[in-house]
1. Checking an interface number: how much accessible area is buried between A and B, summed over both chains, with a 1.4 Å probe, in Å² rounded to 100?
2. Alpha carbon centre of the range A:281-295 versus the range B:200-214: separation in Å?
3. Below 8 Å, C-alpha to C-alpha, sequence gap of six or more: please give me the relative contact order for chain B in percent.
4. Where is the GNM fluctuation largest for chain B (alpha-carbon springs, 10 angstrom cutoff): B:Leu237, B:Leu176, B:Leu124?
5. On full extension of the chain, what length is gained from B:Asn46 through B:Asp155, given 0.36 nm per residue of separation minus the C-alpha to C-alpha distance?
6. Report, to the nearest 10°, how far helix A:127-152 tilts away from the longest principal axis of the Cα atoms in chain A, using its own Cα long axis and a range of 0 to 90°.
7. Calculated from DSSP H runs of 4 or more alone, at -39500 (n - 2.57) each and per residue, what is the 222 nm mean residue ellipticity of chain B, nearest 500?
8. Run through the DSSP bridge list for the range A:42-422 and note the antiparallel percent, rounded to the nearest 5.
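The values are calculated or read from the model by the stated rules, or taken from the named source; none is laboratory data. Quantities reported herein were computed from a predicted structural model and do not represent experimental measurements. All Cβ positions, even for glycine, are placed from backbone atoms using ideal geometry, and neighbour counts span all protein chains on display. Calculation scope for accessible area: heavy atoms of the full protein, side chains included, ligands and nucleic acids excluded. Shrake-Rupley method; radii C 1.70, N 1.55, O 1.52, S 1.80 Å.
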Amino acid sequence: MTRKIRVDHLSRVEGHGRIKVEIEDGKISELQFSIFEGPRFFEAVALGRKYDQVHSVMARICAICSAGHKITSIMALEDALGVEVTEQTKLLRELYYHGMFIESHVLHLYFLALPDYLGYPSAIAMVSDHGPVVERALQMKKLANDIQEVCSGRPIHGENPVVGGFGQVPSADQLRTLHDRLQEYLPAAEETVSLFAGLDYPSFTKAPTVFYAVKPDGDLFSYFGSSIACSDGRVIAMKDYRQVCEEKVLPYTSAKQSLPGGQPFMVGALARVNLFASTLTPRAARALEQSGISIPSDNSLHNNLAQAVETLYSFERAIDIIEDLFRRGLKQEPPVEVRPKAGVGIAGTEVPRGTLYHEYELDDEGRVVKANVVTPTAQNQANIEKDFRNCVTRMHEEADDVQLTKYLEMIARAYDPCISCAAHYVELVRR
Amino acid sequence: MSKPKVGIFGLTGCAGCQLAIINCEDELLDIVGAVDLKSFVMAQSNNEETEFDVAFVEGSVVTREDEHYLKEIRSKSGILVAIGSCACFGGIQAAANDREREDLLQIVYGTKENFYEARKVAALHEVVKVELQIPGCPIEKSEIISGIASLLRGDTPLIPTYPVCLECKYKENLCLLKERGDMCLGPVTRAGCDARCPSHGVACRGCRGPVEEANTASEYSILLEKGYAEEDIKRALRTFAYATELKEKL
């Protein structure tokens, strides 16, 4: 028997992605998750550029995690140049990250994922029935963009963060205003966790999964650290990041896939919460406990709940950082002076969708001679295919084509794949 | 009068200009109330294949697929608006336009095989007719809102024809080019950003593309005088607008 289904436009993801599944006599004969974004050759555009011109280019890889690309590339360049930044710079960079996390998670949770669970085509269409929920999301998103604007000079692709620090340190007034608004919307972040804890998460993808995330250096949950933790207990030094993501080029996708030892793995909010839940901030820890979902979880759809928990964590941590900055005495300090020199630098940080790695080799004038970037979605790609496989194998008999397609879209969206742009279509062929 | 049918589309890029529209948190519901939003794949799933009074297109033409998609949008749209520097000038991905695609594929993917049908990067107006360009990397919130408002009134929005320097002077900033010797591209870059970067003590990188009648030669010689190497100046000037505006000058 041959059945063909084709759903044009897998919407509400940030990318040109395509799902192709073929089922022949009840068995999967072909299964691909392909990324269709046109190749943009960032690694080549970076070549020859001086160290102070590179991060501005690399941030443009992605708008939603622009802060992640900017700071990770700056940190890798500083690693190559032997630059040590001040504690204040580190705190402000972290604050910038919390702006990115809240913005990205709120956008994904309310605008891209929630319509699936509540049965609407978009968050805009939810306004008449769920006005206060959409309004709450917009207000949190706006606050998060304002955090990014205060830290970087613009909500997207801000140029204020530079190698060595910041062009201009945010003013005390700006930080105080953000602090008050974070306090004001803290309950909204808590309601976000309750909302996502109350959704029904199907378990059709549940399977043993390997998780990786940057390991915080201290005892507190963090998006920064100097090594990588794996759910199998291993700890890998940052300089050995290629052990995690040896990249493979496949003919059907313009993202390079990561497969350490041929095994799929997952990065992102669920990986971080699974690995480090016991180190969360008090409210986030309590909210996770009250959600009733047991952690660690092998159900990748729980990524949505983990994102909600991290949203609350980022609210709490951003408030702490601003208070810490004031305690230390906010200083209008210039960037640390940089002397160009040859070297190799590597940085890995957690961005909303998982671990992001940047690596640069500089010549003695500080020009890039080699660049490598590994994005979270490239690392998750094989695991998304694994989940598709489990879902199709388990559900193809009871689910009709419409349902099965919906399940596959839900899985893809749970990972929040960031491919930049609009996804094209799911193609499902049954024979 | 019926509401104008609007579509918001993305070719190859970072999705930042579409995100800048979603980021109009205070105005978003008013905007979607004033128009009939028929297609916005990044934000909704009930998209229609229909005719559009106005199509906003982000990103540049990087693959054959982008080219076909853009021509299809053009054929269905009354007014086509290029949003962002990728759509207006080719953007960052055009910065390597002087190299063969095969070489780039070798550098990035380790293979010369052109699976993705990559082509030389082009701005929208090099492929189809474009009625209006709103530059920026990304576009400014204020320009997209006033752009939509003008189009609703049947007018075209005003995009500044003067350089970033003018806005920078109004803000009484220190001149980063003259006083500090930074590689600031403010003199040759279109204003409209309120000199965001120089106001933070960071040199303008030229993300809004060249201003009309930009005196690139003069900028070039000032930077040479300041001691910058020719290759560094060229690379900086090529960053956002190499596909179109600056090709002949560099």
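1. Chains A and B together bury roughly 5600 Å² of accessible area.
2. Cα centroid to Cα centroid, the span is 47 Å.
3. Over chain B, the number comes to 19 percent.
4. B:Leu176
5. 36.3 nm
6. For A:127-152 against chain A, the angle is about 30 degrees.
7. The helix contribution divided over chain B gives -9000 deg cm²/dmol.
8. About 95 percent, rounded to the nearest 5.
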